[in-house]
Each structure stands twice: as C-alpha cells, then as structure tokens.
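Some notes on the structure that comes next.
The values are calculated or read from the model by the stated rules, or taken from the named source; none is laboratory data. Predicted, not measured: the structure shown is a model, and the values here were computed from it. Here Cβ is always computed from backbone atoms with ideal geometry, including for glycine, and neighbour counts include all displayed protein chains. Just the protein is used for accessible areas: all its heavy atoms, side chains included, with ligands, DNA and RNA removed. Shrake-Rupley method; radii C 1.70, N 1.55, O 1.52, S 1.80 Å.
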Amino acid sequence: MYDYDAIIIGAGPAGMAAATRLRWVKTSLAVPASVVLLDPAGAGGLAAMGKIALSGPGFSFDGAELAASVRTDIEKLEIPVLREAATGLACVDGVWEVRTATRTLRGLAVILATGLRCLSNEAELMRAGRLGLLSGGYTQATDRFRHWSGHMRGQRLVLIGGASLAEDLPRYRAADDGRNTVDALLEPAQRIRGFRDLGTHVLIDTDAGEIACEMILVDYHSLELAPPTSHFLPAAWRDAHGFPRIGVQGSAEFPGLYAAGDGARLPSLCVKALAEGVEAGFNAYDYIFRRKFARAPHLFAFYPSSRRLGFAEDELPSLDPHTHLAVGLTAASHFTTPTTLTAEMLPVLQAEIHAKTATVHTTSITEYTAP
Ligand SMILES: Cc1cc2nc3c(=O)[nH]c(=O)nc-3n(C[C@H](O)[C@H](O)[C@H](O)COP(=O)(O)OP(=O)(O)OC[C@H]3O[C@@H](n4cnc5c(N)ncnc54)[C@H](O)[C@@H]3O)c2cc1C
C-alpha cells in the first residue's frame, strides 16, 4: 500500500523538473504518475532567491522568473507541495517510506532533490536584508562578506556553512577586521530548524537552542564540498563527501530511488539540476509503470498531444493476474498484503488504477488514513 507513485524530496529546480516530467507525459497512452513534493520552504529552491546566469552574457535567465513559471506548471498539474522536511528514508517490502516530523509517506519511487541546504524562510530574510549568500569563488565570497560586514559595527554576524567553513572562518574574521563578532554554524553537526525575524535581530533556532544575531551569511562553497542534506540517509548510502551513492539512473542496490541536482553531485548548476530532474523523472516513471503494470510503458511521444492528460477506461492496460504484482493498493482497497492477483481482485484493482491514474490525483494527503 502506498500514498503516491513518486515522492520527491526537495522542490528546487531539480525536484520541480522531476515532478513535472512524471506528471506531464505528453501522450494519452502514458499514465501520469501521482506525485507529491516535500519541501519546508515550498516550491522554488535556491532559484527563487536570486539571479541565475548561464554560461554566456547573451544566454541567461532570471532564477526567480524560472522558479515562478515552473511553479505555475506544478499548480496546473495539481502536484501537491507539502511544507515538511524528510527526516528518514527506508525501503519496506519494496515500498519506500519517507518520514517527516509528523507522518510517514509511502511511495513506489523516491527522488532525492535536496540541493545543498534544507531551506525554510531564507527568502523572506533575504528580502528583509538579514541574510546574504556567499558564492562566486573564494575571492568574490570574501569580497561579498566584506561588503556586508563593512556596513556593521559591534554586531553579531553568523556564518552558516558545511564542515570546511571551519577552515575559512579565520579568513572571514580577518576580512571583518574586528568590527563585529563573527561566529559560524557548521551543518550537519549543528542542525538549524528555522529563523525568526524580530525586526531588530534574528533568532536562529538550532538543536542546541536559539542564537540571536543581526546578520546571517550562508557560505555556499563549503556546502558544495559536503552537502549536509543527505544526512538523513543511512551512512552506508552516502559517499565520503556526503553525496548519496545514487544518481539519476538509480541503482540495482536501491530500486526506485533516484537523486538529481546540486545534492546529487558536483558541480552545482541550475541547468544541470533541471536536466537531471527531468532524467530522474523519466527513470522513475519507467520504474513505476513496470511495478504497476508489469511491462514497459508507452514511452514517450516527444511531441505535444492535444488530448487530455487523463487515461480513458478502455485505454487502461489490461492486467494479467499471473504477472501483475498487486502493488498500488491503497487504503481504499480491501486487500492488505497480497502478492499475486486473483480474478476477484481484478475489478477492484482496475477501479483503483483508474481512480489513481485516469484522473488527476487530487485527494489531499491529509485525508489519507493508514489502515
Ligand atoms: C548565490 C548563488 C548564485 C548562483 N548562481 C548561479 C548561476 O549563476 N548559474 C547557475 O546555473 N546556478 C547558480 N546557482 C546554483 C543554482 O541556484 C542551483 O544549482 C540550483 O538551484 C540547484 O537546484 P536544486 O533543485 O538541485 O537545489 P536547490 O535549489 O537548493 O533546492 C533544493 C530544495 O530541497 C529542499 N530540501 C533540502 N533538504 C530537504 C529535506 N530533508 N526535506 C525536504 N526538502 C528538502 C530545500 O529546502 C530546497 O528548497 C547559484 C547559487 C547560489 C547560492
């Protein structure tokens, strides 16, 4: 039993591209997958927070505009975005379980699109002038730091970054030249739950208590080297730098699990995140279809179809009781742990497949009650 065909962790460019690809299959003979996006910051990721330039001055696009248009697609395709962080992942009897602070979601496939940091309300703090991003190469990052700290006197400035920020802290303190107190929080050793802007200062909510400061600067170079975002995965699933040992193609060791974007591997680039999200989406779609219908999907018409997204009843793949695994049964079904189909189960499963795929999956996840 599961809640969604695919659960996507992280709703930045990679996660949004994957979700769109799984849902917008461009042909009425392909079944759109039911998808949910998880992200405590909502949809957009880093792209929503700043300018993105591609490789040439004549070929660039604005990150916030890109995030807004992909978000429109997500809404049109009725893909729910749950404002929750994934805190654990496990595969139980061939179904992926994603834990959050309040519930466990089940899916046939999971795409890790977690980027370099788990975000909350950073965009809001940026607009209020309380948070800045340090990137663009070590020299430029130091110059940007100097720009911020140069406007401050006798205040507390907190740098947030990955483990290697400890080595860069003396360089940043030297650039501040003793004007302010400069501290650092290193993720994932220090876990940041969120921020509260109190007007005169910001409170950083951490596992070790609240930290008050006037300005926050996020050091993306140290995060790129060792992203803390995969830390909720078991240690054996991560490589020496913290990246998941899974990519856009998945792996035989973890069937149905994919990773895309900045959190999957270097380099960190928006165009790479989008392309990897699409590729992971295609691969997850193929996996889901085979699990549900025990055969390869009608992949893929690379031209738009004027026909509706749905799947007419007479177009549904016929189910072979001998080969079709009874996966995809939800709480609505009467069966709990069958592995092969019987003739009496067929109409129920057929009806359920129709409900899950022919119509856009609109049932709110909060309405789901575990049996
Ligand atoms: C200052 C700056 C400038 C940049 N300039 C450029 C540029 O000029 N050109 C370019 O191509 N790229 C640029 N980038 C990089 C670009 O923004 C990223 O490559 C792109 O946003 C990566 O997309 P993503 O989806 O992989 O990750 P992100 O955009 O980081 O999105 C990941 C999402 O996953 C969520 N998440 C993380 N952990 C969890 C969890 N446990 N549960 C649920 N959700 C979670 C996060 O909250 C986040 O919203 C820049 C980045 C920065 C910081």
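Taking Rh as the Kirkwood radius, which is the inverse of the mean 1/r over Cα pairs, what is the Rg/Rh value for the range 122-225? Reported Rg/Rh, Kirkwood definition of Rh: 0.92.
Share of the range 122-225's accessible area from carbon and sulfur, percent, 1.4 Å? Carbon and sulfur: 50 percent of the exposed surface of the range 122-225. Where q = 0.21, 0.22, 0.31 Å⁻¹, what log10 of I(q)/I(0) comes from the Debye formula for the range 223-274, counting one point per Cα? Each listed q maps to, in turn, -0.72, -0.79, -1.28. Take 8-14, 165-171 and order them by the average number of nearby Cβ atoms within 10 Å per residue, most first; the result is 8-14, 165-171. Ranked from largest to smallest solvent-accessible area, with a 1.4 Å probe on the protein heavy atoms, 201, 221, 241 come out as 241, 201, 221.
Beyond 21 Å, the tail of the calculated P(r) for the range 155-303 holds 58 percent of the Cα pairs. Within the range 177-264, the proportion of C-alpha pairs whose separation exceeds 23 Å stands at 40%.
Electrostatic tally near residue 102: other residues with Cβ closer than 13 Å to its Cβ, Lys and Arg +1, Asp and Glu -1, net +2.
The local environment of residue 88, defined by Cβ-Cβ distances under 15 Å, has a net charge of +3 under the rule Lys, Arg +1 and Asp, Glu -1. Rounded to the nearest 5, the antiparallel percentage of DSSP beta bridges internal to the range 142-213 is 60%.
In the P(r) worked out for the range 12-169, what percent of Cα pairs fall beyond 23 Å? It works out to 51 percent of all Cα pairs. What is the distance in Å between the Cα centroid of the range 145-181 and that of the range 200-266? Cα centres, the range 145-181 to the range 200-266: 22 Å. One decimal place: the segment residue 205-residue 93 gains 36.6 nm when fully extended, by the rule 0.36 nm per residue minus the C-alpha distance.
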